[in-house]
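Here is the structure we will look at, set down as structure tokens.
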Amino acid sequence: MKSLPLTEVWFHGAVSLQRLEEGIKPWRIPYTDYELYPPEGIEGKAEICAGVRLRLRTDSTEASVSFAPLADAAAMDCVAEGELRQTLRLPSGATEALFSGLEGGSKDLEIWLPQNIGMTVTGLRIGAEAVGVPLPDTRPRWITYGSSITQCVAASSPSRAWPAIAAEACGFSLTNLGFSGNCHMEPMIGRLIRDLPADFISICAGVNIYGAATLSPRMFKPLLIGLLETIRDKHRETPLLVISPIYGTVRETELNSLGFTLPMMREAIRETVEQLRERGDRQLYYQDGLNWLGPEDESFLTDGLHPGAEGYELLGRRFRDLHEFAFDNDIRRGRVRS
């Protein structure tokens, strides 16, 4: 096999790329602002590679990604022409993922990095006689922000996380800002989304705030308003979808330590979106999370909260139909509706 020059041009879905002596490390925050995302880069979640992939066009029947030794077991996917071709299960300490047996002829490849750990990529190789070139992603850019239910650690593999499934189905270029246990609507997240290019933005907020009791009913609406208005500083006409929590079993009726339940949060989110729409924000939308995964789907929840691998597949398949307003021809071509 032969090595391709390891440059930033192969990487997609990262917020920033840190050039290290041994290779390139993707981040889901600006890594130079690490200390502005406490604690420790959103509790270590910002360095996890959820949604990050390498894109290339090649006629090679094999492709290899090398990396610094993995801190934990993980999976990587090779997707060719939009179809999953191979998933590799990698043990802790692994340093290479070799995808082989790919069909011949020119094809578009995406190699999805793990959604549960961080990674420093040290090399990219293809067959010795093959040609490989970077594959630009000209699809409309989608940013989705959320919790572990958006990061999707329990998905069967990284390309089977619901945002990846939805992005492929809808023709979007994905940036996944799902941070397990850490979707708390921090001001810096609003600034981050504000400053990223985007043609469509979605936010799934509430369940981490309930679980960690980080916001009271008194502060929930003001922080949500602040998040949305900060994003609107630079995305005045970008379609912005706010989704309330999916079904949460005992969290539907059990008050947390600050007196919140998930139904109370859903109502606060709905009211906030309606208030901002009444003020003129006609590209802001609300969807009740129960319409996405409701009590009738409880069997998909592995622990009363998180969808398992099958549940994430379900969320991915349902996303386009549930939010069909966001997938009309104008938005898919990178334009917004009047």
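Computed from the coordinates by the stated procedures, all read-outs in this text should not be read as laboratory data. Predicted, not measured: the structure shown is a model, and the values here were computed from it. Every residue, glycine as well, gets a Cβ built from its backbone with ideal geometry; the counts of neighbours run over all protein chains shown.
The charge dipole of region 37-156, taken about its Cα centre with unit charges on the Cβ of Lys, Arg, Asp and Glu (plus for the first two, minus for the last two), comes to roughly 200 debye.
Take every pair of alpha-carbon atoms less than 8 Å apart whose residues are at least six positions apart; their mean separation over the length of the chain yields a relative contact order of 16 percent. Positive end of the dipole of the chain (Cβ unit charges, origin at the Cα centre): among 272, 301, 131, the Cα lying farthest that way belongs to 272.
When the charge dipole of the chain is built from unit charges on Cβ atoms (+1 for Lys and Arg, -1 for Asp and Glu) and taken about the Cα centre, the candidate among 67, 80, 145 whose Cα reaches farthest toward its positive end is 145. For the chain, lysine pairs separated by 8 or more sequence positions, or belonging to different chains, with Cα-Cα distances below 30 Å total 8.
Cα gyration tensor of region 141-332, axes a ≥ b ≥ c as square roots of the eigenvalues: rounded (a/c below 1.5), prolate (a/b > b/c) or oblate? Note, shape of region 141-332 comes out oblate. Here the Debye sum runs over all C-alpha atoms of region 2-121 as equal scatterers in vacuum, and log10 of I(q)/I(0) at q = 0.16 Å⁻¹ comes out as -0.75. Beta bridges assigned by DSSP with both partners in the chain are antiparallel in approximately 70 percent of cases.
Fraction of C-alpha pairs exceeding 31 angstrom in the chain: 31 percent, rounded to a whole number.
Loop-resident GluC sites (Glu not before Pro) (DSSP state other than H, G, I, E or B) in region 219-272 with no more than 12 further Cβ atoms inside 10 Å of their Cβ: 254. Assuming charge only on the beta carbon of Lys and Arg (+1) and of Asp and Glu (-1), the dipole of the chain about its Cα centre is about 760 debye to the nearest 20. What does the helix-only formula give at 222 nm for the chain: each DSSP H stretch with n ≥ 4 adding -39500 (n - 2.57), the total divided by the residues, and the result rounded to the nearest 500 deg cm²/dmol? About -7000 deg cm²/dmol. Taking the centroid of alpha carbons for each part, region 165-230 and region 50-98 are 28 Å apart. Restricting region 1-55 to GluC sites (Glu not before Pro) that sit in a DSSP loop and have at most 14 other Cβ atoms within 10 Å of their own Cβ leaves 21, 22. Extension gain for residue 275-residue 43 works out to 80.2 nm (0.36 nm per residue, less the C-alpha to C-alpha distance). For region 52-150, the set of GluC sites (Glu not before Pro) satisfying both a DSSP loop assignment and a count of at most 11 other C-beta atoms within 10 Å is given as 81, 103, 129.
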